[in-house]
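First the structure, in the form of structure tokens, and then the observations on it.
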Amino acid sequence: MKIDFANLTKAYDEHSAEFERVSLDVMSSARYILGKEINELEASLQEYVKSDYALGVSSGTDALLLAMMALGIRGGDEIITTPFTFIATAETIACLGAKPVFVDIDEETFNIDVSQIENAITDKTKAIMPVSLYGQMADMDEINAIAAKHNLAVIEDAAQSFGALYKGKRSCSASTIGCTSFFPAKPLGCFGDGGAVFTQDRKLYEKMKAMRVHGQVKRYTHKYIGMGGRLDNLQAAILNVKLRHYGKDIERRQQVAKQYTELLKSYVSTPSIKEDRTSVWAQYTIRIKNRKEVQSKLKEAGIPTAVHYPIPMHLQECFAYLGHKKGDFPISETCATEVMSLPMNPYLTTDELEYITSNIINSFR
Ligand SMILES: Cc1ncc(COP(=O)(O)O)c(C=O)c1O
């Protein structure tokens, strides 16, 4: 058996006629930037997330940059986040000259350990940036309460959690600004780079809207230093199709995760989702001690796996200037050596799941 990790081929095939029709419409319209497809998408995203405002942007990375630029983050500011994440989280903070201040994760959820946040706050702290890792949101009520007490903004790095629920609220609607990614392999992915920002604050929305187009408020009139951060019409057209089917995709991902857990829980440490929230399962990630060996046995059996992420941010060469050393964030470091993501997509069959899990179990024998 040969297993596909994200199965983007099937995702295309399932709605290919619709994708082709809407793409041709955009191409033949000769309107490629900020057209009706974007307006339609932003209205649907805003309605789906139940935020007051939504803006399509060029990627999840640019969503984070734009959010921080709109909040006025600059050199010398500090942003609290976790070291157990994809590079973009910490990198965008550093790009603006600000300092990523790391707080270790909670071993159960892989998300920021809220009990350690207040210790990391200084008079330079401007925002907290929780990452909704693998598709599950962090403890947003506690984070928002700390932020309110210290007058900080909260930016949710929701690149992996679009559609997830926290106490009935959608990811991206429970913070000052929510930032997501539509990278192809994300739960809601387009056919290239894409992302979105969400807020309830009209002023921030207007600022981000201008900043996404070089800070322009009128043609060639620039109120702010901005960026080239638009989502293009072709990607918006694809997302308009995909968003209509997204509820079903999430349900299937959740079904796959449930089956994985049932088949594996007696043998390995399986992911845990808190009772008051759901995951959209950007990744189904287990923890094992002999990862390298298991990965190579699975590879031989045609089962791809991945490691999200092997080196925590504080030990990355690019952040050496922050002066961290091994042992500073022990939970992140242990998880980095043990986590292994299994194939995850809405199309995995029971036969495939049984094949994957029996190979994992056999690899321990
Ligand atoms: C946690 C996290 N943050 C940010 C990003 C950046 O998103 P993009 O690849 O769309 O720039 C990603 C995507 O890979 C991510 O997983």
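The values are calculated or read from the model by the stated rules, or taken from the named source; none is laboratory data. Keep in mind that this is a model prediction, so the values were computed, not measured. Neighbour counts run over all protein chains shown; Cβ positions are idealised from the backbone, glycine included. Please note that ligands, DNA and RNA were not included when accessible areas were found on the heavy atoms of the full protein model with its side chains. Shrake-Rupley method; radii C 1.70, N 1.55, O 1.52, S 1.80 Å.
Quick notes on this one:
- Filtered residue count, segment 113-134, keeping only those that are part of a loop (DSSP other than H, G, I, E, B), surrounded by fewer than 21 Cβ atoms within 10 Å (Cβ to Cβ) and in contact with a helix residue (DSSP H, G or I) (Cβ under 9 Å, 6 or more places away or on another chain): 2
- The residues of segment 144-179 that are under 11 Å from the mean Cα position of the chain (by Cα) and either within 16 Å of residue 81 (Cβ to Cβ) or among the acidic types (Asp, Glu) (or both), listed by number, are 156, 157, 158, 159, 160, 161, 178, 179.
- Single residue of segment 12-37 satisfying the filter (surrounded by 13 or more Cβ atoms within 10 Å (Cβ to Cβ) and in contact with a Lys or Arg (Cβ under 8 Å, 6 or more places away or on another chain)) that is farthest from residue 228 (Cα to Cα): 15
- Residue within segment 127-143 that is without any contact (Cβ under 8 Å) to a residue 12 or more places away in the chain, of a type in the set (D, E, K, R) and either more than 14 Å from the ligand (Cβ to nearest atom) or touching an Asp or Glu at 6+ places or on another chain (Cβ under 8 Å) (or both) present: no
- For segment 194-215, filtering for residues that are within 16 Å of the ligand (Cβ to nearest atom) and surrounded by fewer than 19 Cβ atoms within 10 Å (Cβ to Cβ) leaves 0.
Residue-by-condition table, conditions (1) open to solvent by 10 Å² or more (accessible area, probe 1.4 Å); (2) among the polar types (S, T, N, Q); (3) in contact (Cβ under 8 Å) with a residue 24 or more places away in the chain:
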position: 64; (1), (2), (3): no, no, yes
position: 67; (1), (2), (3): no, no, yes
position: 80; (1), (2), (3): no, no, yes
position: 85; (1), (2), (3): no, yes, yes
position: 107; (1), (2), (3): yes, no, yes
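- Applying the criterion of being within 16 Å of the ligand (Cβ to nearest atom) and aliphatic (A, V, I, L, M) to the residues of segment 248-286, the residue that is nearest to residue 343 (Cα to Cα) is 282.
- Condition met for residue 322 (open to solvent by 40 Å² or more (accessible area, probe 1.4 Å), not small (Gly, Ala, Ser) and not assigned by TED's automatic domain parsing to the domain that holds residue 115): no
- Exactly one residue among 162, 198 is closer than 18 Å to residue 308 by Cβ and touching a residue at least 60 places away in the same chain (Cβ under 8 Å), and that residue is 162.
- Residue count, segment 209-231 (criterion: part of a strand (DSSP E or B), farther than 20 Å from residue 196 by Cα and in contact with a strand residue (DSSP E or B) (Cβ under 9 Å, 6 or more places away or on another chain)): 1
- Number of the exception - residue 316 against (1) of a type outside the set (Asp, Glu); (2) buried (at least 18 other Cβ atoms within 10 Å of the Cβ); (3) within 19 Å of residue 86 (Cβ to Cβ): (2)
- Taking segment 198-231 as the range and being in contact with a helix residue (DSSP H, G or I) (Cβ under 7 Å, 6 or more places away or on another chain), more than 22 Å from residue 59 (Cβ to Cβ) and among the β-branched types (Val, Ile, Thr) as the test, only 217 passes.
- Filtering 71, 41 for residues that are open to solvent by less than 30 Å² (accessible area, probe 1.4 Å) and at negative phi leaves a single hit, 41.
- Only strands (runs of 3 or more DSSP E) whose full extent lies in segment 1-109 are considered here, and the ones with at least 2 residues that are in contact with a strand residue (DSSP E or B) (Cβ under 6 Å, 6 or more places away or on another chain) and within 16 Å of the ligand (Cβ to nearest atom) are 53-57, 78-81.
- Meets criteria (at pLDDT 95 or above and of a type in the set (Gly, Ala, Ser)) for residue 56: yes
- For segment 179-189, the condition holds for no residue, the condition being that it is among the aliphatic types (A, V, I, L, M), touching a residue at least 12 places away in the same chain (Cβ under 8 Å) and away from the ligand (no atom under 16 Å from the Cβ).
- For segment 243-274, a residue qualifies if it is out of contact with any strand residue (DSSP E or B) (no Cβ under 9 Å at 6 or more places or on another chain), in a helix (DSSP H, G or I) and open to solvent by 30 Å² or more (accessible area, probe 1.4 Å), and the qualifying residues are 244, 247, 248, 251, 252, 255, 258, 259, 262, 263.
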